[in-house]
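Let me begin by presenting the structure, written as structure tokens, before commenting on it.
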């Protein structure tokens with residue numbers, strides 16, 4: 001299969017070709033590797049590739065034979081390196097598959113590489129010292145987002161149709177928005193984090209994927225959802241497969257709109273205009289849309305401080321464990337300035353402060369939960385601005401302490417982290433683009449706990465009403481000669 005043919009199919013479409021015998025998995029992987037060779041020197045999204053497993057994917061699996069990439073964090077594959085984008089973990093090889101990796105295999109996906117992440121996933125841009133900056137395929141001078149920026153750039157550029165991603169404060173939705181992709185953050189407990197963790201960042205982090213079509217994300221979530229032995233909690237199973245929800249009508253939904261973020265950050269004109277166009281589209285589809293006053297249940301600075309304490313305490317424990325296991329020091333030779341600052345800040349967090357941060361999480365979840373009684377969906381921009389230039393996050397970062405770094409991240413992405421605190425599902429949908437630059441703009445839709453089905457129904461409707469599959473970035477594997485901006 002030629003690369004220019006390969007990129008026209010989503011994961012479900014490729015699996016159907018394999019099932020019909022029209023193409024082999026080996027041919028698909030060869031096309032994916034050729035696509036990677038064509039675009040990755042420009043975007044630097046892929047950390048490593050390897051030959052696929054000798055065992056063929058199960059022919060009856062729903063995504064049998066589809067090329068796939070995993071993030072360099074959040075999932076382990078036996079015999080493959082997991083380095084977390086950090087010099088501290090450089091060269092570390094996983095001894096076993098995580099539960100999620102087993103489910104990726106069972107789905108029939110052929111994993112042939114891993115994608116870039118910022119160090120310890122501790123940023124909303126992917127610019128680690130270890131492997132260098134990942135560039136946005138739409139504009140090589142801009143960020144691809146983070147922390148799943150490598151996944152976002154690789155999918156947007158056509159290397160694979162869908163890729164593994166994680167999300168603890170927007171790490172899946174931010175790259176989806178920056179790269180013109182669909183990305184749904186599942187409900188807390190929907191996908192197992194085991195066996196090496198019961199939860200990550202006290203339940204803030206979840207597992208998922210970014211994709212070019214809604215159905216790919218739905219089919220994949222169907223394959224990876226559900227509890228594993230020993231999980232501390234799990235979300236109630238849906239009444240029907242998510243793959244079926246994509247083609248079902250969402251009905252007339254009550255949608256509350258939040259145009260500006262809780263912290264007072266103003267949404268820029270291009271994004272505000274995109275939000276207005278999205279509202280008009282929703283109204284034309286029969287939804288009832290109105291501006292909403294959504295109380296956070298806490299002062300923004302209080303929210304940031306609690307987040308800094310919760311994040312940094314978890315970071316400190318993870319760094320100490322890695323350093324002890326690998327026999328490496330914790331200093332500027334192994335950690336970048338923001339992560340080292342977060343580590344030191346976490347050392348100072350007291351038990352009482354940590355418990356208070358968890359109590360604030362509960363207060364915010366209760367406060368926002370009430371709004372899902374008034375509205376079926378809450379709508380915000382995913383990001384308040386277009387993808388930022390590379391280097392934006394790093395400006396003066398060496399002067400920030402752990403709380404200052406988290407404040408910078410939350411100010412740059414003020415809409416996303418709240419829904420990690422609540423544990424409710426939220427998705428970024430590439431409904432529109434900026435007419436001036438052609439850059440994609442993501443819109444975030446959030447629903448109540450366990451209601452991914454409602455989001456998939458709406459996403460499927462939006463995909464039909466305002467298709468984005470025809471929009472391709474400047475760096476695109478389907479071009480005979482990949483062009484750069």
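Read-outs: derived from the displayed coordinates by stated rules, not from any lab. The structure displayed is predicted, hence computed values, not measured ones. Neighbour counts run over all protein chains shown; Cβ positions are idealised from the backbone, glycine included.
Assorted remarks:
- Shape category assigned to the stretch 129-253 from the gyration tensor of Cα positions, a/c cut at 1.5: oblate
- Look at 411, 434 and count the other Cβ atoms within 10 Å of each Cβ; fewest to most, that gives 411, 434.
- For the stretch 419-438, the residues whose backbone nitrogen is under 20 Å from a point 7 Å from the Cα of residue 367, taken along Cα to Cβ, are 419-426.
- The chain: C-alpha gyration tensor shape, a/c 1.5 cut-off, then a/b vs b/c: rounded
- For the pair the stretch 59-81 and the stretch 411-446, the centres of their Cα atoms are 26 angstrom apart.
- Residues 138, 300, 262, 50 arranged by fewest to most Cβ contacts within 10 Å: 50, 300, 262, 138
- For the chain, calculated [θ]222 nm from helices alone, where every DSSP H run of n ≥ 4 adds -39500 (n - 2.57): -11500 deg cm²/dmol
- Peptides 174-187, 343-356 ranked from most to least packed give 174-187, 343-356, packing being the mean of other C-beta atoms within 10 angstrom over each peptide's residues.
- Legend: ranking of residues 164, 393 from fewest to most surrounding C-beta atoms inside 10 Å; resulting order 393, 164.
- As a rough guide to protection, the peptides 75-83, 119-127, 201-209 ranked by mean Cβ packing within 10 Å, highest first, stand as 119-127, 201-209, 75-83.
- Modelled label positions at residue 359 and residue 398, each set 7 Å beyond Cα in the direction of Cβ, lie 4.0 nm from each other.
- Rounded to 5, the percent of DSSP beta bridges in the stretch 3-465 classed as antiparallel: 70 percent
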